[in-house]
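Trainee: Sharing a structure here in structure tokens format.
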Amino acid sequence: MDEYGNSGEGRATRRDEAVRAAVEQGLLGPDSPIVGLLDVTGIRESAAELRAAFAEVTAPGTPVLHAFAVKATPLVPVLRLLREEGIGAEVASPGELALARAAGLSPDRTVLDSPAKTPAELREALALGIAVNADNPQELDRIDGLVRSAVSRSPLGIRVNPQVGGGSIGATSTATATSKFGVALRDEGAREWVVRAYLDRPWLSRLHAHTGSQGIPLSLMAQGVAETYALAEEINRRIGRPQIDTIDIGGGLPVNFASDATAPTYAEYARALREAVPGLFDGRYGLVTEFGRSLLAKHGTIVARVEYAKSAGGRSVAVTHAGVQVATRTVYVPGSWPLRITAYDGKGRPKSGPEVVQDVAGPACFAGDLLAEGRALPLLDQGDYAAALDTGAYYFAHHYAYNSLARPGVYGFVPDRATGVRFATVRDPQTLASIVAESGGAHAGALTTLHTPGSR
């Protein structure tokens, strides 16, 4: 633990020092008006807390793989850092697998989940020995053919949907009656089909389910795991041996976006699972987890310069460089994805003064591009900075190219006694040349060469 500790207060202190240092060291300023900052100390602490929480509840010697959901923060240096902290990778596309491999993740620390795996993706995964969870009967048919044609070291399983219901955010609820993921266990004949699939395939050794993420209460998450465990027990009982040796419980621990506190914690979730499903932890099953948002969210901050301060209809408006391009969910669905905003002055110091109800707007050309609406903050002036907190997952690494706005640079930081804060580049700011290239610049005249027959 560093001198600041791993509390919310410690995170806030590190964040404030990093914002000031980013301005002082030129990472933030008039010519670089938006950055993403990642608290490396905090990320390491979250990884350690995850490992410790499950070590506390599992029997000694139980194989446990914590696989980070790459979709949450698909940045190679982040994956490499987590690998160093004992965390593997859960991937859901060829791109995510390529990122995991670039970060040095070994196949035995990688899990492939996706509802739309192509034959080529499955072939590559099985050739590498990556664990694969089949999403549906048609995919399992494809795997049958691949297993018959070549020997594979891949642990293989089926993803099921326990259909235990949804949480407060429908888009992140994956165990509803009509979820697109997995085999819906309560549909007519589905449970028996799953059992038969294992009876007919001795090489199926895993069972996977994921109830959802943000907006899902711990009780519902535990219920989803309990249903999955009960199915594994039924299958092994029907087969007469422990064919299923590993249960993948997914991830989904919600994040508290209302304060710096970590709530709920991994320890609280692990204890809730042990109480609800004690047999899961007695050493008979290996475990896989797939946490994403909860590992990274509270350790990331988007900081944007206030380009103009104005008023409209009697309300102050701070026009910044952070909007829909970095906070897409917040801008389009603010009720489900609100973000805390902190005000800093032009030197990167926390801003004080009376709070004023104001809007914090982004740079995109539509009226709804607001990071925060009607928020009480110290009045943001031109040249100040607005920081969107808890944005380390599903924010600055998921760029939305509205108005061809450039992807911001991302920098990791640690406290440093010599310099105050030391930074490392995680991702360079996107250049205008890159934007042009991604927008077909090399094919500028392509459409002018096409003519309707007889038009000339």
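Trainee: Just checking, does the range 394-401 include any residue being of a type in the set (Ser, Thr, Tyr) and over 24 Å from THR330 (Cβ atoms)?
Mentor: Within the range 394-401, none of the residues are of a type in the set (Ser, Thr, Tyr) and over 24 Å from THR330 (Cβ atoms).
Trainee: Same structure again: Inspect all residues belonging to the range 349-368 and state whether any of them is outside any strand (DSSP E or B) and in contact (Cβ under 8 Å) with a residue 60 or more places away in the chain.
Mentor: Among the residues of the range 349-368, at least one is outside any strand (DSSP E or B) and in contact (Cβ under 8 Å) with a residue 60 or more places away in the chain, which makes the answer yes.
Trainee: Of all residues in the range 416-432, count the ones that are on the phi < 0 side of the Ramachandran plot and in a strand (DSSP E or B).
Mentor: Within the range 416-432, residues that are on the phi < 0 side of the Ramachandran plot and in a strand (DSSP E or B) number 8.
Trainee: If the requirement is being at pLDDT below 95 and in contact with a Phe, Trp or Tyr (Cβ under 6 Å, 6 or more places away or on another chain), which of these qualifies: GLY5, GLY10, GLY36?
Mentor: Unique residue meeting the criteria: GLY10.
Trainee: State whether the residues of the range 24-39 include one that is in contact with a helix residue (DSSP H, G or I) (Cβ under 7 Å, 6 or more places away or on another chain), farther than 23 Å from GLN214 by Cβ, crowded, with 18+ Cβ neighbours inside 10 Å and not assigned by TED's automatic domain parsing to the domain that holds ALA318.
Mentor: Checked the range 24-39: no residue is in contact with a helix residue (DSSP H, G or I) (Cβ under 7 Å, 6 or more places away or on another chain), farther than 23 Å from GLN214 by Cβ, crowded, with 18+ Cβ neighbours inside 10 Å and not assigned by TED's automatic domain parsing to the domain that holds ALA318.
Trainee: Next up: Have a look at ALA387, ALA393, ALA437, ALA372 and point out the one that is assigned to a loop (DSSP other than H, G, I, E, B) and either basic (Lys, Arg) or under 22 Å from GLN325 (Cβ atoms) (or both).
Mentor: The match here is ALA393.
Trainee: Residues of the range 239-269 being part of a helix (DSSP H, G or I) and within 14 Å of SER205 (Cα to Cα), which ones?
Mentor: The answer is ILE239, and nothing else.
Trainee: Let me ask something additional. Here are some conditions: (1) out of contact with any helix residue (DSSP H, G or I) (no Cβ under 9 Å at 6 or more places or on another chain); (2) among the hydrophobic types (A, V, I, L, M, F, W, C); (3) surrounded by fewer than 16 Cβ atoms within 10 Å (Cβ to Cβ). ALA59 meets all but one. Which one does it not meet?
Mentor: Unmet for ALA59, out of (1) out of contact with any helix residue (DSSP H, G or I) (no Cβ under 9 Å at 6 or more places or on another chain); (2) among the hydrophobic types (A, V, I, L, M, F, W, C); (3) surrounded by fewer than 16 Cβ atoms within 10 Å (Cβ to Cβ): (1).
Trainee: Just checking, which of ALA263, ALA258 is within 25 Å of GLY412 (Cα to Cα), without any contact (Cβ under 8 Å) to a residue 24 or more places away in the chain and not charged (D, E, K, R)?
Mentor: Of the residues listed, the single one that is within 25 Å of GLY412 (Cα to Cα), without any contact (Cβ under 8 Å) to a residue 24 or more places away in the chain and not charged (D, E, K, R) is ALA263.
Trainee: Right, here's the next one. Testing SER205 on (1) modelled with pLDDT of 95 or more; (2) buried (at least 20 other Cβ atoms within 10 Å of the Cβ), one condition comes back false. Which one is that?
Mentor: Condition (2) is where SER205 drops out.
Trainee: Then there's this: For the range 355-366, check the following and say yes or no: at least one residue is within 22 Å of PHE257 (Cα to Cα), modelled with pLDDT under 95, touching a Ser or Thr at 6+ places or on another chain (Cβ under 7 Å) and not aromatic (Phe, Trp, Tyr).
Mentor: No, there is no match, as no residue in the range 355-366 is within 22 Å of PHE257 (Cα to Cα), modelled with pLDDT under 95, touching a Ser or Thr at 6+ places or on another chain (Cβ under 7 Å) and not aromatic (Phe, Trp, Tyr).
Trainee: Kindly indicate whether any position in the range 296-304 is at pLDDT below 95, crowded, with 22+ Cβ neighbours inside 10 Å and under 26 Å from VAL70 (Cα atoms).
Mentor: no
Trainee: Sticking with this one: State the number of residues belonging to the range 175-192 that are without any contact (Cβ under 8 Å) to a residue 40 or more places away in the chain and either of a type outside the set (Asp, Glu) or surrounded by 14 or more Cβ atoms within 10 Å (Cβ to Cβ) (or both).
Mentor: Result for the range 175-192: 8.
Trainee: Here are some residues: VAL356, VAL319, VAL333, VAL360. Which one is of a type in the set (Val, Ile, Thr), exposed (fewer than 13 other Cβ atoms within 10 Å of the Cβ) and assigned by TED's automatic domain parsing to the domain that holds ARG15?
Mentor: VAL333
Table: residues versus (1) crowded, with 20+ Cβ neighbours inside 10 Å; (2) in contact with a helix residue (DSSP H, G or I) (Cβ under 8 Å, 6 or more places away or on another chain).
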| residue | (1), (2) |
| --- | --- |
| PRO77 | no, no |
| ALA98 | no, no |
| ARG101 | no, no |
| ARG123 | no, yes |
| LEU126 | yes, yes |
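So that you can scan it fast, the table gives a plain yes or no per residue for (1) in contact with a helix residue (DSSP H, G or I) (Cβ under 8 Å, 6 or more places away or on another chain); (2) assigned to a helix (DSSP H, G or I); (3) without any contact (Cβ under 8 Å) to a residue 24 or more places away in the chain:
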{"position": "ARG271", "(1), (2), (3)": "yes, yes, no"}
{"position": "GLY283", "(1), (2), (3)": "no, no, no"}
{"position": "LEU295", "(1), (2), (3)": "yes, yes, no"}
{"position": "LYS298", "(1), (2), (3)": "yes, yes, no"}
{"position": "GLY323", "(1), (2), (3)": "yes, no, no"}
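Trainee: May I pose another question? Considering (1) surrounded by fewer than 21 Cβ atoms within 10 Å (Cβ to Cβ); (2) under 18 Å from ASP16 (Cα atoms); (3) not hydrophobic (A, V, I, L, M, F, W, C), say which one ASN256 fails and leave the rest.
Mentor: Result: ASN256 fails condition (2) only.
The values are calculated or read from the model by the stated rules, or taken from the named source; none is laboratory data. What you see is a predicted model, and the numbers here were worked out from it, not measured in a lab. Cβ: placed from backbone, ideal geometry, glycine included. Neighbour counts: every protein chain shown.
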